[in-house]
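Following: one structure in structure tokens, then a few remarks.
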Amino acid sequence: MTDLDRTTLLDQLLTYVREELATGVPADEITPDAPLLELGVLDSVRTARLLAHIRTVHGIRVPPVHMTGEHFRTLETITDLVLRLRSQTAAR
């Protein structure tokens with residue numbers, strides 16, 4: 001993946017979280033490096049919705065082993081996870 005691909009994916013995920021997850025957190029506080037769990041942006045229901053979005057739009061299933069606070073800490077870590085899983089899927 002090129003940097004442009006990463007930037008595009010990050011922008012798409014940022015837009016989805018800001019517009020679709022109705023968190024009550026002001027959109028300008030949801031940044032690529034904002035701590036999503038600490039801010040209350042992600043909870044179990046919103047994480048499930050985000051996972052469904054990633055699966056539907058990007059064709060990536062996130063295995064349970066990767067559903068950790070480390071991988072879902074920020075939108076940047078989520079983007080990196082999706083790109084890593086995408087490259088693993090493509091290598092098969």
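The values are calculated or read from the model by the stated rules, or taken from the named source; none is laboratory data. From a predicted model like this one, the values you see are computed outputs, not experimental measurements. We place every Cβ from the backbone using ideal geometry, glycine too, and count neighbours over all the protein chains shown. Please note that ligands, DNA and RNA were not included when accessible areas were found on the heavy atoms of the full protein model with its side chains. Shrake-Rupley method; radii C 1.70, N 1.55, O 1.52, S 1.80 Å.
Criterion applied to Val57, Val65 was being open to solvent by 20 Å² or more (accessible area, probe 1.4 Å), free of Cβ contacts under 8 Å to residues at least 40 places away in the same chain and among the hydrophobic types (A, V, I, L, M, F, W, C), and the one residue passing it is Val65.
If you go through the range 48-59 one residue at a time, how many are at pLDDT 95 or above and in contact with a Leu (Cβ under 9 Å, 6 or more places away or on another chain)? Looking only at that region, the number is 4.
One residue stands out in the range 12-25 among those that are open to solvent by 50 Å² or more (accessible area, probe 1.4 Å) and over 10 Å from the mean Cα position of the chain (by Cα): the one that is modelled with the lowest pLDDT, namely Ala22. Filtering the range 26-46 to residues that are out of contact with any Lys or Arg (no Cβ under 8 Å at 6 or more places or on another chain) and either of a type in the set (Gly, Ala, Ser) or open to solvent by less than 30 Å² (accessible area, probe 1.4 Å) (or both) leaves Ala34, Gly40, Val41, Leu42, Ser44.
For the range 69-77, the count of residues that are among the basic types (Lys, Arg) and open to solvent by 60 Å² or more (accessible area, probe 1.4 Å) is at least one.
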